[in-house]
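The values are calculated or read from the model by the stated rules, or taken from the named source; none is laboratory data. Since the model is a prediction, treat every value here as computed from it, not as a measurement. Please note: Cβ atoms are built from the backbone with ideal geometry, for glycine as well, and neighbour counts cover all protein chains shown.
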Amino acid sequence: MTEYRVMMETAALFSRSSSVWMRNAQVWSKLAGSSLLGSFAEPLFYLFALGYGLGQFIGSVEGVSYIVFLASGILSTSAMNTATFEGLYLAYTRMEVQRTWDGMLSTPLGVTDIVLGEVMWMGTKSVISAIAILLVTALSGFVESVSALWVLPIAFLTGCCFGSVALTVTALSRSYDFFMYYLSLVVTPMVLLSGVFFPLASLPETVQGLVAFLPLYHVVEMVRPLMTGGVPGSLLLHLFVPAVYCLFFISLAISLLKRRLLN
Amino acid sequence: MHAFVKTPQIVHLMNPPVIVNANRLTKSYNGKTVVKGIDFSIKKGECCGILGPNGAGKTTTLRMLVGHTSPDEGRLEALGLPIPEKAREMRSKVGVVPQVDNLDPDFTVSENLYSYGRYFGYNRKALEPRIQKLLDFASLQDKADSRVQALSGGMKRRLTLARSLINEPELLILDEPTTGLDPQARQLIWQQLRQLQKEGLTIIITTHYMEEAERLCDRIIVMDHGTILADDRPETLIKKHIEPHVLEVHGDDVDKWHDALQFGAAIRFEQVGETRFYYGSELKSLIDSLDGWSGLRYLYRPANLEDVFLKLTGRDLKDD
């Protein structure tokens with residue numbers, strides 16, 4: 001009997017958070033043009049400029065040409081950035097400017113439903129950005145294997161992970177300005193240290209040890225072999241770290257937003 | 001015919017059911033008690049106005065009512081459900097019109113109604129006929145496909161009101177629904193609220209406009225400093241607290257005129273800013289004495305809710 005109740009409650013929770021997801025998806029579909037531009041034109045500029053520009057000097061890295069090496073890093077970073085932007089600026093706008101969440105809280109929806117729906121949506125946006133980048137890189141011949149399609153579920157996890165961290169930052173923010181601290185002090189160093197632009201082997205060993213705590217590093221470790229025709233090693237570990245971040249920050253965001261919105 | 005009210009039109013002549021019941025409700029923030037053990041109950045079909053200056057505890061009371069904040073002490077029941085424990089179930093049967101518009105600016109009018117209806121778990125098929133009716137009700141038929149950003153303030157408020165009815169609520173809660181609207185827009189909202197009231201909907205409304213409260217509400221709760229100062233029908237409140245007639249006088253010579261006056265204890269006198277108020281059942285001698293004072297502006301009128309409000313909550317400026 002209790003199992004049945006848990007099942008029913010999970011279904012109800014999923015259905016409530018889906019209505020939040022659908023609201024965001026519907027808004028996105030109306031403004032998809034500009035949104036797509038941000039989430040995939042910019043990373044592609046980086047890919048082609050750095051890939052061709054630096055690639056000339058670098059030649060091949062880890063057995064593939066630099067641009068192929070870089071493509072997987074750019075896709076991972078873009079999945080992270082898309083969810084981060086959504087979880088910071090757009091979520092803050094919904095919370096403080098448009099008061100969308102206040103409106104939702106007058107319906108049967110609660111803070112948990114809103115956070116889960118938002119995080120699922122951030123995961124979805126990362127998948128959309130990954131699809132776009134995968135398409136362009138594949139057409140340009142920078143993807144070595146069909147197994148690259150496996151990056152899509154990984155992009156979903158990436159989006160949920162960084163989306164929930166961003167939502168936590170948003171829950172603590174008093175204005176948009178606060179986001180610069182997170183972006184400059186957390187996101188940028190993480191991109192530079194996670195093996196996006198160069199192999200980690202070039203870093204000092206102490207730094208390499210710390211990098212194992214960065215979720216983006218684990219994402220890159222999975223995405224790179226999938227896009228360059230290899231097989232990711234230690235897959236469970238690389239899935240585990242972003243998943244733990246995701247669960248931890250989802251619960252943190254829920255409790256912080258409860259304190260902020262229901263007081 | 002607009003039948004948004006799901007509950008059958010049974011007339012409970014003798015004993016209408018209690019929709020909201022609050023017992024010794026108390027709430028503090030950071031050591032400051034904003035609601036101090038208030039008791040009230042609202043019966044089905046009532047339109048109850050909660051009046052009070054800023055900081056009186058009105059908004060906190062409403063937030064407790066919809067389960068957005070938990071009372072520190074006391075018991076609260078709405079639609080027969082304990083709050084906040086069963087707040088989700090209760091909110092599925094309640095409509096809320098917030099003080100600040102939170103419509104989705106990226107959506108059209110009907111998209112706003114759809115997405116809000118989805119939060120209640122309704123699908124498109126169930127919502128379609130409701131939305132048509134609500135657009136008619138809000139006189140927004142021609143605007144169904146307009147972006148919300150393109151609507152006037154009055155239209156946005158009407159849409160917010162229509163949106164709050166999407167779940168066919170048994171209780172409607174409005175937090176200052178006409179603040180910032182022009183007089184025409186306000187009249188239209190009042191008309192719609194009266195219509196809902198006629199259909200038997202129970203309404204709780206906070207407002208700063210005494211005229212609004214007097215016109216719409218058959219029950220007024222006056223709050224200040226977290227307590228309930230009065231709770232009665234508007235006409236009873238006026239009778240109980242204020243003399244029947246009021247003379248307001250202001251103008252350049254008002255001090256001179258006042259000093260020359262002679263009136264007995266039967267006339268009560270108050271001063272607010274530069275206006276002088278005289279309350280009593282016989283003000284004829286005062287009115288006669290206005291003759292010849294061309295610099296005076298005056299108004300002779302029956303006592304109203306504003307007089308009650310000012311008497312009960314004091315005449316100081318409330319800025320907190």
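Quick notes on this one:
- Restricting B:Leu81, B:Leu113 to residues that are within 14 Å of chain A (Cβ to nearest Cβ), surrounded by fewer than 18 Cβ atoms within 10 Å (Cβ to Cβ), at pLDDT 95 or above and over 25 Å from B:Pro234 (Cα atoms) narrows the list to B:Leu81.
- Flag: B:Val100 does not match the condition of being of a type in the set (A, V, I, L, M), facing chain A (nearest Cβ under 10 Å) and under 23 Å from A:Leu13 (Cα atoms).
- Residue, farthest from the other protein chains (Cβ to nearest Cβ), within the stretch A:95-130, restricted to residues that are over 19 Å from the mean Cα position of the chain (by Cα) and under 18 Å from A:Leu31 (Cβ atoms): A:Val97
- Pick from the stretch B:141-160, criterion over 26 Å from the mean Cα position of the chain (by Cα) and charged (D, E, K, R), ranking: nearest to B:Pro98 (Cα to Cα): B:Arg147
- Scanning the stretch B:84-93 for residues that are surrounded by 15 or more Cβ atoms within 10 Å (Cβ to Cβ) and more than 8 Å from every other protein chain (Cβ to nearest Cβ) yields a total of 5.
- For A:Leu36, the requirement of being more than 11 Å from every other protein chain (Cβ to nearest Cβ), within 22 Å of the chain's Cα centre (by Cα), buried (at least 16 other Cβ atoms within 10 Å of the Cβ) and touching a residue at least 24 places away in the same chain (Cβ under 8 Å) is not met.
- Among the residues listed as B:Ala144, B:Ala138, the single one being away from every other protein chain (no Cβ under 14 Å), touching a helix residue (DSSP H, G or I) at 6+ places or on another chain (Cβ under 8 Å), touching a residue at least 24 places away in the same chain (Cβ under 8 Å) and closer than 29 Å to B:Ile42 by Cβ: B:Ala138
- Only strands (runs of 3 or more DSSP E) whose full extent lies in the stretch B:29-108 are considered here, and the ones with at least 1 residues that are over 19 Å from the mean Cα position of the chain (by Cα) and farther than 26 Å from A:Thr93 by Cβ are B:32-43, B:73-78, B:81-83.
- When A:Ala171, A:Ala201 are checked against the criterion of being farther than 28 Å from A:Ile58 by Cα and either of a type in the set (S, T, N, Q) or in a helix (DSSP H, G or I) (or both), A:Ala171 stands alone in meeting it.
- Looking across A:Ser147, A:Ser164, one residue alone is touching a residue at least 60 places away in the same chain (Cβ under 8 Å), buried (at least 22 other Cβ atoms within 10 Å of the Cβ) and not in a loop (DSSP other than H, G, I, E, B). It is A:Ser164.
- Being closer than 22 Å to B:Met223 by Cβ, more than 8 Å from chain A (Cβ to nearest Cβ) and assigned to a helix (DSSP H, G or I) is a property that B:Arg130 lacks.
- Screening B:Tyr119 with (1) buried (at least 17 other Cβ atoms within 10 Å of the Cβ); (2) over 21 Å from A:Ser29 (Cβ atoms) gives one miss only, at (2).
- Checking the stated criteria, B:Glu89 turns out to be without any contact (Cβ under 8 Å) to a residue 24 or more places away in the chain and touching a Pro at 6+ places or on another chain (Cβ under 9 Å).
- Where a residue in the stretch B:269-286 is more than 12 Å from B:Glu243 (Cβ to Cβ) and its partner, wherever it lies, is modelled with pLDDT under 85, with Cβ under 8 Å and at least six apart: B:Val272/B:Arg315; B:Ser285/B:Phe263; B:Leu286/B:Leu261; B:Leu286/B:Phe263
- Note on the stretch B:242-305: enclosed strands (runs of 3 or more DSSP E) holding 3 or more residues that are more than 27 Å from B:Asp231 (Cβ to Cβ) and either of a type in the set (A, V, I, L, M) or touching a helix residue (DSSP H, G or I) at 6+ places or on another chain (Cβ under 9 Å) (or both) are B:245-251, B:275-280, B:296-302.
- Qualifying residue in the stretch A:228-246 (condition: closer than 22 Å to A:Met95 by Cβ and touching a helix residue (DSSP H, G or I) at 6+ places or on another chain (Cβ under 8 Å)): yes
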